[in-house]
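The values are calculated or read from the model by the stated rules, or taken from the named source; none is laboratory data. All values derive from a computational prediction rather than experimental measurement. FYI the Cβ positions are ideal-geometry reconstructions off the backbone, even for glycines, and counts take in every protein chain you see. Remember, those area values only see protein heavy atoms, side chains included, never the ligands or the DNA or RNA. Shrake-Rupley method; radii C 1.70, N 1.55, O 1.52, S 1.80 Å.
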Amino acid sequence: MTKSSLILQKLSRMRGQLSRWIIVHGLGRWLLVILAVLAVDMALDRLFKMDFAQRLVMLVVMVASIGFYFAWKVIRPLFARASDTALIYEVEQKHPELKEALISSFQLSRENVAQHGMSRALADATIEQGNRQAADLNFGDALNLPKSRWNAGLLLAGLLVIGMLGWGVTSNSFLKTWFNRNVMLGNDQWPQQTYLEIAGVKDGKLTISRGSDHRQLVYVSENSSVKDVSVSLVVDNPAGRSVLPMKPTGKSSGREHLFTFHNVSSTFRFRARGGDEATDWVEVELVEPPSIIDLKLESRLPEYTRVEKESLVGSGPHSILRGSSLEIGIKTNKALSSAALRFGDERFDMSRASSDQDYSLTVPSEGELKGGEYEFELVDQADVASNRKSKFKVVIKEDKPPKVRANLLGISGEVVPRAMIPTSYQAADEYGLAKLTFDCKWKSGDQEDSPIRSELITIANDGQEGLLEEPTNRVQTVTVLDLTQLKLEPGISFKMRVAAQDFYPEDDNIGYSQEFLLRVVTESQLRASLLRREIEQREAFNQAYEKQLALATELQAIQVRQRPNDVTEDDFRAQQEARLIAAVREQKSIGTAIDAVANRFEEFLVEVKNNRLDEAENEIAPEQRIEARFDEKIIQPIRRLDAELISLAVRHMDGCRVNANDPEELANSATRADGVHQQILLDMKNILAAMSDSENFQGIINDILEIKRDTEAINKGIDQKKPGDSDIFDNDDIFNK
């Protein structure tokens, strides 16, 4: 083995030269592959403007290709070790004059000569000869030295180009853009005529509210040399790829383009394309938009209303009193970054309450609440705005004057100066009554240009015990207006109404009842009027008596009527029934008529008392009080007549109708009805007599009172004669003193 150590040394040096040759050869071509791959990548990205995903794929392909070629051309050959025999064979191929001396010497040095039956001396001589020849040889000559120099030149050229490329990346805009886009995966753009900017994109993503209509804007950048271009969106979704043209909006000097995605419900991606520009792909992400899950509205009313708050439900429109403020609270389905309330061009920022999902606001902070539509603007923490409009509407209402209704009780159109006027009234106000008055107006003289006098007579004030206890929104009662305090004169026209005032602070907010017009007359005029009306009611009652008499006669005629020969039995029965039905109707109308007369006499009685006319009558004839004449002899008898006898007559007459086909039962019912009719006629005669007596008595009383008033007037004139007045005769000699 030691005899071949020289050959082994030379083989070892040859192996080093071979490794260097392989490395230089592989690296040179590897650099060429790198440059070729980079050149292809530059060309593809410059020509087709690859998006981020495509550039990422190309980067992976480039790295994989370069790594594979390095492993194939450099790593694999280095690990593919050639045998010593193969290397010696390559040397002998380079030096054919050796005639296989080296291979023979190397092989014999490694073999057991004795075992193969060979001569030891001959083997040693062959080995010695091979060593002598190896000592004079350069095994490296077996390598392709020209090729090695070429590989070295190629490697140096590749390194030079790579160095220039590295220097160009820092100084040349083209290479710098390529390096940013394809190696660093940045967003630099190639120099071009048109640049597009997609609004709303952040880190290559666009967030849209699920289910909303999204208005996508694309701008042609100011840096573009060609701005008048058509812009479209390339949309990629599970259904395929489509190109959607955008419309210029006419804004931003014509650089703004718009396309609306309707009802976005699934994710997709898109890119903008226009001129020589094609943007990167934008991934669309869907999020649930912020929305209001609980809305609380409360109206804080002005202090004078004595009502602190009113809760409002729903979106309205809500009627809110002028001068009120509105307290608003919302709870949302997700955390917000901001919440605001918009009214027209005004925007009110809401304040965060207990959490990012609770916000509150009071409007207005100053000034006066305005009526109209208010809309919430919600933005979540991902800058997603609400797509469902949450609104409510406010209608400003004025504080209306109180509502008042009134009626005069027991008063006709004429009153005496000392009358009492009972007034039934109802007054109501939503926010409380402050004052109730009688609003009275009249003229003090007979001339048209006489001044109109007016006076407010207080009925009740706020806090007055028993009437307007605080707070009081409604009053219903009867109050008497005593005309004595107004000192009215007969002959004037007197107007009155009930007035109610609320607590509205800015001006008088007063509501009025209907106005009542009364004529002030003397007591004698009113008594004459009452007597005239009393006579009218007696005549009306007398007409009812005449009808009742005719009705009794008609019933008797029906009872005795026989069927004519030319009338059939059925027609005769129909005629009888029709006459009985008419009779029943007539009986009921008589009851209604006499009841109305009783009502009128009750009104007369009340009117007499309200005007205090009964006081003088009672002094003259206390045994003939008006209550006795009217109530005991006229009103109550009429009530009993209507309730007992007339209703009984109606039942008997209806029995006649029912038994019209049975002569015997008809006769019985008619007899009973006739008996009742006779009693009715008798009672009506008595009532008519009482009415006549009352009229006669009233006429006498009126005459007596007239004479009494005349006498009092004369006596009063005599008493008012002054002591210094001259006598009728100035001559003192006429009378003996």
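Tabulated values for the structure
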quantity	calculated
Whichever residue in segment 295-310 is part of a strand (DSSP E or B) and open to solvent by 40 Å² or more (accessible area, probe 1.4 Å) and, among such residues, is nearest to ALA53 (Cα to Cα)	LEU295
Within segment 397-433, considering residues that are assigned to a loop (DSSP other than H, G, I, E, B) and touching a Gly at 6+ places or on another chain (Cβ under 6 Å), the one farthest from SER529 (Cα to Cα)	PRO401
Qualifying residue in segment 337-346 (condition: buried (at least 19 other Cβ atoms within 10 Å of the Cβ) and not β-branched (Val, Ile, Thr))	yes
Positions within segment 503-517 being surrounded by 12 or more Cβ atoms within 10 Å (Cβ to Cβ) and out of contact with any strand residue (DSSP E or B) (no Cβ under 6 Å at 6 or more places or on another chain), in sequence order	TYR504
Flag if LEU486 is open to solvent by less than 40 Å² (accessible area, probe 1.4 Å), in contact with a Cys (Cβ under 7 Å, 6 or more places away or on another chain) and on the phi < 0 side of the Ramachandran plot	yes
From the options LEU159, LEU154, residue that is closer than 30 Å to VAL74 by Cβ, surrounded by 12 or more Cβ atoms within 10 Å (Cβ to Cβ), in contact with a helix residue (DSSP H, G or I) (Cβ under 6 Å, 6 or more places away or on another chain) and among the aliphatic types (A, V, I, L, M)	LEU154
Members of segment 200-233 found to be out of contact with any Gly (no Cβ under 8 Å at 6 or more places or on another chain) and farther than 16 Å from HIS262 by Cα, listed by number	GLY200, VAL201, LYS202, ASP203, GLY204, LYS205, TYR219, SER221, GLU222, ASN223, SER225
Matching residues, segment 514-539, being without any contact (Cβ under 8 Å) to a residue 60 or more places away in the chain, in a helix (DSSP H, G or I) and more than 14 Å from ALA689 (Cα to Cα)	ARG532, GLU536
Within segment 551-581, tally of residues that are free of Cβ contacts under 8 Å to residues at least 40 places away in the same chain, open to solvent by 50 Å² or more (accessible area, probe 1.4 Å) and in a helix (DSSP H, G or I)	10
Members of segment 43-63 found to be among the charged types (D, E, K, R) and either under 51 Å from the mean Cα position of the chain (by Cα) or open to solvent by less than 50 Å² (accessible area, probe 1.4 Å) (or both), listed by number	ASP45, LYS49, ASP51, ARG55
Check on ASP280, over 34 Å from the mean Cα position of the chain (by Cα) and of a type outside the set (A, V, I, L, M, F, W, C)	yes
Given (1) touching a residue at least 24 places away in the same chain (Cβ under 8 Å); (2) of a type in the set (Lys, Arg); (3) surrounded by fewer than 17 Cβ atoms within 10 Å (Cβ to Cβ), number of the condition ARG352 does not satisfy	(1)
Selection within segment 44-92 - modelled with pLDDT of 85 or more and among the aliphatic types (A, V, I, L, M)	LEU44, LEU56, VAL57, MET58, LEU59, VAL60, VAL61, MET62, VAL63, ALA64, ILE66, ALA71
Any hit, segment 206-215, residues being part of a loop (DSSP other than H, G, I, E, B), of a type in the set (Gly, Ala, Ser), in contact with a strand residue (DSSP E or B) (Cβ under 9 Å, 6 or more places away or on another chain) and open to solvent by less than 30 Å² (accessible area, probe 1.4 Å)	yes
Hits in segment 415-447 (condition: crowded, with 19+ Cβ neighbours inside 10 Å and touching a helix residue (DSSP H, G or I) at 6+ places or on another chain (Cβ under 6 Å))	VAL416, ALA419, TYR431
Segment 283-298 - residue that is touching a Leu at 6+ places or on another chain (Cβ under 6 Å) and either charged (D, E, K, R) or under 24 Å from ASP356 (Cα atoms) (or both) and, of those, modelled with the lowest pLDDT	PRO290
Flag if GLU607 is in a helix (DSSP H, G or I) and more than 60 Å from the chain's Cα centre (by Cα)	no
Qualifying residue in segment 284-294 (condition: over 30 Å from the mean Cα position of the chain (by Cα) and either open to solvent by less than 30 Å² (accessible area, probe 1.4 Å) or in contact (Cβ under 8 Å) with a residue 12 or more places away in the chain (or both))	yes
Flag for GLY28 being more than 30 Å from THR194 (Cβ to Cβ) and either at pLDDT below 85 or touching a Phe, Trp or Tyr at 6+ places or on another chain (Cβ under 6 Å) (or both)	yes
Single match in VAL313, VAL226, VAL218 (criterion: open to solvent by less than 30 Å² (accessible area, probe 1.4 Å) and among the aliphatic types (A, V, I, L, M))	VAL218
